[in-house]
Amino acid sequence: MSTQEVETASSKSDLVLVTLAALCALGGVVAFALLSEQALAVRLGALCGGLVLALIIAWLSPSGKRFLAYGQQSYEELRRVVWPTRKETLNTTGLVMAFVVIIAFFLFFCDMIIEWGLYDVLLRLSL
């Protein structure tokens with residue numbers, strides 16, 4: 001079992017850049033809300049502008065670069081996955097559905113036996 005170190009903000013400038021990016025994103029959302037009397041295009045421009053600026057600032061930070069590298073590695077790993085064929089997927093789905101139906105009937109019969117035991121046997125004995 002390998003141990004991995006938790007990476008934190010590497011420097012004060014990294015922390016400042018990430019905070020600035022969060023503030024830009026928040027500013028875009030606040031501008032969208034405060035410009036409620038403006039045209040929708042102006043409001044969306046303010047929102048998108050704040051979010052794009054936040055993404056650019058975050059991308060330039062060391063944390064953003066690590067996150068981008070993580071995303072690229074995840075995508076490469078996803079491309080290595082061997083996905084099942086359509087036939088395998090349909091066969092597996094059919095087996096699962098058949099199992100569900102069998103278990104449903106089993107539980108139905110168990111419920112009927114318990115109901116018969118409680119209502120027809122025990123309640124008749126108490127009368």
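The values are calculated or read from the model by the stated rules, or taken from the named source; none is laboratory data. This one's a predicted model, so the numbers in the text were calculated from it and none came from an experiment. Quick reminder, even Gly has a Cβ in these numbers, built from the backbone with ideal geometry, and neighbours come from all protein chains shown.
Summary of computed values
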| item | result |
| --- | --- |
| Inter-residue pairs, beta-carbon under 6 Å, first within 15 Å of Ala54 (Cβ to Cβ) and in segment 8-23, second among the acidic types (Asp, Glu) and modelled with pLDDT of 85 or more, 6+ apart | none |
| Out of Val82, Val30, Val6, sole residue that is part of a loop (DSSP other than H, G, I, E, B), at pLDDT 90 or above and not charged (D, E, K, R) | Val82 |
| Any hit, segment 81-93, residues being exposed (fewer than 13 other Cβ atoms within 10 Å of the Cβ) and either closer than 19 Å to Leu17 by Cα or aromatic (Phe, Trp, Tyr) (or both) | yes |
| Val42 being touching a Leu at 6+ places or on another chain (Cβ under 7 Å) and among the β-branched types (Val, Ile, Thr) | yes |
| Counted residues, segment 14-63 - those being touching a Ser or Thr at 6+ places or on another chain (Cβ under 8 Å) and surrounded by fewer than 17 Cβ atoms within 10 Å (Cβ to Cβ) | 1 |
| Residue match in segment 61-81 (condition: β-branched (Val, Ile, Thr) and either in contact with a strand residue (DSSP E or B) (Cβ under 6 Å, 6 or more places away or on another chain) or under 29 Å from Ser11 (Cα atoms) (or both)) | no |
| Single match in Ala58, Ala25 (criterion: aliphatic (A, V, I, L, M) and at pLDDT below 90) | Ala58 |
| Candidates Ile114, Ile102, Ile57, filtered to the one that is in a helix (DSSP H, G or I), among the aliphatic types (A, V, I, L, M) and touching a residue at least 40 places away in the same chain (Cβ under 8 Å) | Ile57 |
